[in-house]
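Shown next, in structure tokens, is the structure this report addresses.
Any read-out appearing in this document is the output of simple, stated calculations on the displayed coordinates, not a laboratory observation. Quick caveat, the model's predicted, so the values are computed rather than measured. Glycine also receives a Cβ, built like all others from the backbone with ideal geometry; neighbour counts cover every protein chain displayed.
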Amino acid sequence: MAAYILRRLFQSALILLGVSFITFVLLYVLPADPVRQIAGRSATAATVESIRQQLGLDQPFLVQYGNYLWNLVQGDLGRSYLQKTEVAELIASRLPATLLLLVAAISCELLIGLPLGIVAALNRGKAIDNGLMLTSFMTVSAPQFVVALLLLFIFAVKLGWFPIGGYGTFAHLVLPAVTLGILGSGWYSRIMRSSMIDVLRADFIRTARAKGLGRGKVILGHALPNAILPIIAMIGIDIGLFMSGIVVVESVFGWPGIGQLAWQAIQRVDIPIIMGVTLVSACGIVIGNLIADLISPLIDPRIKLR
Amino acid sequence: MRKLILSTALAAIFALPAFAPASATEPSYGGNMVLTYKDDVATLDPAIGYDWQNWSMIKSLFDGLMDYDPGTTTLRPGLAESYEISEDGLTYTFKLRKGVKFHNGRELVADDVVYSINRVVNPTTQSPGQGFFASIEGYDEAAEGKADAVAGISAPDAETVVIKLSRPDATFLHIMALNFSFIVPQEAVEAAGADFGKKPVGTGAFKLAEWSLGQRLVFEKNADYWISGVPYLDSFTVEVGQEPVVALLRAQNGEVDIPGDGIPPAKFVEVMKDEAQASLVVEGGQLHTGYITMNVTQAPFDKVEVRRAVNMAINKDRIIQVINGRAVPATQPLPPSMPGYTEGYEGYKFDQEGAKKLLAEAGYADGFDTEMFVMNTDPNPRIAQAIQQDLKAIGINVSIKSLAQANVIEAGGAGTAPMIWSGGMAWIADFPDPANFYGPILGCGGAVEGGWNWSKYCNPALDEMAAAADSIVDPAKEGERLAKWSEIYMKVMEDAPWAPVFNEQRFTMKSARMGGADELYVDPVSIPVNYDYVFIKE
């Protein structure tokens with residue numbers, strides 16, 4: 001187990017190195033100059049060159065990347081070009097909000113998606129199954145911006161049950177989490193359905209039924225634990241999906257997470273922030289997947305970590 | 001040395017109540033105003049901040065030697081009690097107001113002014129405002145890092161600042177009113193280091209009380225403010241990261257006093273049709289022009305007939321409809337509210353047949369293919385499409401390159417874009433003077449690699465005229481100077497490196513409880529709102 005974790009951590013470090021390299025290359029070849037964003041429109045060519053030198057952006061690519069990595073291994077993510085603030089501080093101030101939303105949103109996805117998937121599987125081929133699958137298809141393809149605004153309009157503006165955006169209390173968390181929950185639940189219900197259908201066909205389920213176990217016990221006690229495995233893996237992947245889709249929901253609900261930080265940095269070519277957020281997100285995804293893989297054998301003893 | 005403005009006259013101005021609003025409601029004190037912005041506030045360091053949302057926050061935290069009458073473009077002394085300009089226009093002597101205190105309690109002295117301007121010019125500060133100080137003697141050496149300080153700035157005593165220029169500059173007092181000239185206390189800058197932008201200390205009407213990164217900033221009244229009677233508000237809270245559509249919903253719900261990004265385009269018609277809401281909207285001009293640049297160094301735009309034809313082919317009224325009528329047609333580079341604007345000049349009239357004739361004269365009877373770069377946020381791509389249709393009608397086939405702002409700016413600076421629609425990046429004046437619309441965007445100085453003169457238009461004769469106009473520093477001859485500027489822009493229109501399209505109007509929504517003259521909510525200088533002078537009605 002320890003050897004496995006060590007090996008996985010080593011792999012994770014390689015993945016992060018790869019992510020940092022690819023992002024750095026993309027930012028390097030981007031036809032937009034961060035120095036012009038800093039220097040402003042009244043700057044002379046000399047000013048621009050002076051800033052470029054101070055930031056080390058006049059150096060060859062590999063030197064720049066090497067410097068970045070060297071600082072990174074010392075725990076230094078650099079300072080924002082435009083805000084001048086430590087990137088680590090900017091990310092740290094926003095990470096709790098993002099993590100909170102991540103946990104709440106994935107919980108919502110599971111709470112909505114799993115029961116629907118189970119119900120669909122048990123009613124395979126019937127109208128209720130078709131209806132549920134059509135709904136799940138619609139939710140995964142619905143535009144985030146529209147759904148978020150619609151929920152906000154109905155439940156916050158019209159009904160006044162929740163605050164109109166913001167951060168701080170449980171009430172603030174509900175709408176963004178439910179929005180992401182609804183939108184992401186479709187993936188889970190579809191996977192849950194097909195996994196459940198496979199398991200329900202298995203011999204051990206037939207045996208359990210033949211022993212005279214009640215329908216509820218068979219489903220919850222025998223089928224579900226076996227059908228849930230793909231869901232655990234899915235959560236690991238979902239963290240990545242979540243990171244890529246959070247910008248819109250954060251912005252509609254005024255949620256102070258790292259998505260908004262990244263979005264604004266991208267518009268202004270603030271490279272240290274873009275790099276920092278990308279690496280932190282990649283870390284999240286890698287850790288999420290690692291945890292999912294570590295949990296799997298606890299649920300299904302047949303899985304061995306190698 | 002001749003005194004151009006007497007301190008007694010200034011004292012008289014300042015004996016008046018801080019600002020007498022045109023609408024008769026008597027200002028009342030107290031309360032907290034809530035504003036929202038979509039984008040986070042990057043910094044509150046006056047040497048660095050150059051964004052829509054932080055511009056007037058910085059004005060509320062800091063002061064410069066010069067200032068403007070609230071809601072207007074009229075200069076008035078700020079931290080300087082009075083000033084003198086030498087006969088040759090090269091030496092400015094400012095006398096500081098006595099008893100002005102920084103938020104940290106220390107009294108302002110002349111050395112602070114010297115320090116603050118040196119700091120902006122120092123290349124390690126990386127200030128986007130550095131270039132504004134280019135007319136001060138010794139600027140080049142300091143800006144290149146060869147000298148520690150700008151030689152032309154000195155403080156002979158604690159209350160006097162002398163600034164020597166290397167050339168006469170009629171805009172210099174405006175420069176002294178820019179955010180980049182605001183005075184900062186050295187000890188606070190050095191204590192905070194690079195984080196000064198998050199821990200600002202100034203002399204302004206408000207001080208920063210709280211900043212939760214990515215969430216909110218709270219500004220608290222400075223009880224020791226040197227202008228007696230202001231500010232009226234006890235505090236104002238800025239909530240960031242708020243989508244404009246949601247900010248409007250919150251304003252309608254009474255949670256927000258001012259949605260700082262204005263009324264979102266998609267909601268504009270709905271709001272203006274509703275009488276109750278429309279009555280809360282203040283409309284004002286702004287020092288903005290939206291224009292199409294044509295790269296005069298490349299065929300076919302190297303021919304003036306082609307550029308004039310483009311000017312004539314654009315149906316400006318229809319484009320204004322695309323943005324729900326939130327603009328007025330532009331006839332020239334300067335916006336109507338800018339001094340030096342040429343009244344009565346009608347520009348190139350919409351005339352497709354005339355445009356076709358001009359194209360034929362230039363040898364393009366069958367038209368040509370070209371590209372237009374445009375920033376990829378709404379409504380700019382839609383405006384670009386309207387322009388595309390207009391040009392198609394005279395045989396010019398435009399393909400639209402819709403890119404992120406930074407990429408369009410890059411292409412414009414590199415001179416690789418045949419045409420650019422300026423929307424989203426258009427020139428909004430830094431200070432209300434016609435000179436500010438020329439140098440960087442139409443003058444030879446900006447027509448270099450990376451410059452903001454995207455037409456790469458360079459007319460040395462006009463540069464000479466501009467220098468001559470700006471050497472007229474005597475306020476008594478201001479009319480003569482503005483006439484020169486008007487002439488310069490008329491000559492620009494003859495050469496037609498731009499097709500001016502519209503001047504955007506500003507629409508600010510405020511809650512019913514907000515008081516103060518309408519001008520304060522569309523302040524041409526304290527953009528978007530002048531926080532120091534607005535108040536909450538009882």
(message) Can you sort B:Leu233, A:Leu290 from fewest to most other Cβ atoms within 10 Å of each residue's own Cβ?
(response) A:Leu290, B:Leu233
(message) Taking amide H atoms as placed 1.01 Å from N in the peptide plane, list the residues 5 or more away in sequence, or in a different chain, whose amide H sits under 5 Å from that of B:Gly285.
(response) B:Arg506
(message) How big is the dipole moment of chain B about its Cα centre under a simple scheme where the beta carbon of each Lys and Arg is +1, that of each Asp and Glu is -1, and everything else is neutral? Debye, nearest 20, please.
(response) 660
(request) Please give the direction-averaged projected area of the C-alpha convex hull for chain B, in square nanometres with one decimal. (result) 23.9
(message) Please compare each pair in B:Lys59/B:Lys98; B:Lys267/B:Lys537; B:Lys95/B:Lys477; B:Lys164/B:Lys221 to a cut-off of 30 Å on the Cα-Cα distance and tell me which ones are over it.
(response) B:Lys164/B:Lys221
(message) List the residues, sorted by chain then number, that are 5 or more residues from B:Val256 or on another chain and whose placed amide H is less than 5 Å from its amide H.
(response) B:Ala251
(message) What percentages make up the Cα-Cα pair-distance distribution of region A:89-299 when the bins are 10 Å wide from 0?
(response) 8, 29, 31, 21, 9, 2, 0
(request) Figure the gain on full extension for B:Val304 and B:Ser28 (residue separation times 0.36 nm, minus the Cα-Cα span) and round it to one decimal in nm. (result) 93.6 nm
(request) Fewest Cβ neighbours within 10 Å first, please rank B:Glu343, B:Glu504 accordingly. (result) B:Glu343, B:Glu504
(request) State the three equivalent ellipsoid semi-axes of the protein assembly as shown, derived from the C-alpha gyration tensor as the square roots of 5 times its eigenvalues, in descending order and whole Å. (result) 53, 32, 28
(message) At 27 angstrom or more along the helix axis (alpha-carbon based) and mean Kyte-Doolittle of 0.0 or higher, what helices does chain A contain? Whole DSSP H runs only.
(response) A:2-29, A:87-122, A:170-200, A:229-253, A:271-299
(message) Given bins 10 angstrom wide, list per bin the percent of all Cα-Cα distances in region B:288-506, short to long.
(response) 9, 36, 38, 15, 2, 0
(message) Which of rounded, prolate or oblate describes region A:204-291 when judged by the alpha-carbon gyration tensor and an a/c cut-off of 1.5?
(response) prolate
(message) For a quick check: sort B:Thr203, A:Thr179 by the number of other beta carbons within 10 angstrom, fewest at the front.
(response) A:Thr179, B:Thr203
(request) Grab the Cα-Cα distance for A:Ile291 and A:Leu17, subtract it from 0.36 nm times how many residues apart they are, and report the gain in nm with one decimal. (result) 96.6 nm
(message) Explain nothing, just the number: dipole magnitude of the protein assembly as shown about its Cα centre with +1 on each Lys and Arg Cβ and -1 on each Asp and Glu Cβ, in debye rounded to the nearest 20.
(response) 4340
(request) May I ask which residue of A:Leu57, A:Val73, A:Met1 lies farthest towards the positive end of the charge dipole of region A:1-86, with charges of +1 (Lys, Arg) and -1 (Asp, Glu) on Cβ and the Cα centre as origin? (result) A:Met1
(request) Just need the relative contact order of region B:59-126 here, percent rounded to a whole number, with Cα pairs under 8 Å and 6+ apart. (result) 17
(request) Using Cα positions and a limit of under 19 Å, work out the aspartates and glutamates in reach of B:Lys401, with same-chain residues fewer than 8 apart set aside. (result) A:Asp33, B:Asp369, B:Glu371, B:Asp378, B:Asp390, B:Glu410
(request) Which order do the peptides B:162-170, B:289-297 take when ranked by the mean count of other beta-carbon atoms within 10 Å per residue, highest first? (result) B:289-297, B:162-170
(message) Distance between the C-alpha centers of region A:63-114 and region A:158-199? Whole Å please.
(response) 23
(message) I want the antiparallel fraction of DSSP beta bridges within chain B, as a percent rounded to 5.
(response) 75
(request) Take the alpha-carbon centre of region B:229-257, take the same for region B:426-452, and report the distance between them in whole Å. (result) 33
(message) Between region B:356-417 and region B:461-538, what is the separation of their alpha carbon centroids in Å?
(response) 28
(request) Give me the angle, in degrees from 0 to 90, between the Cα long axis of helix B:478-495 and the longest principal axis of the Cα atoms of chain B, rounded to the nearest 10. (result) 30
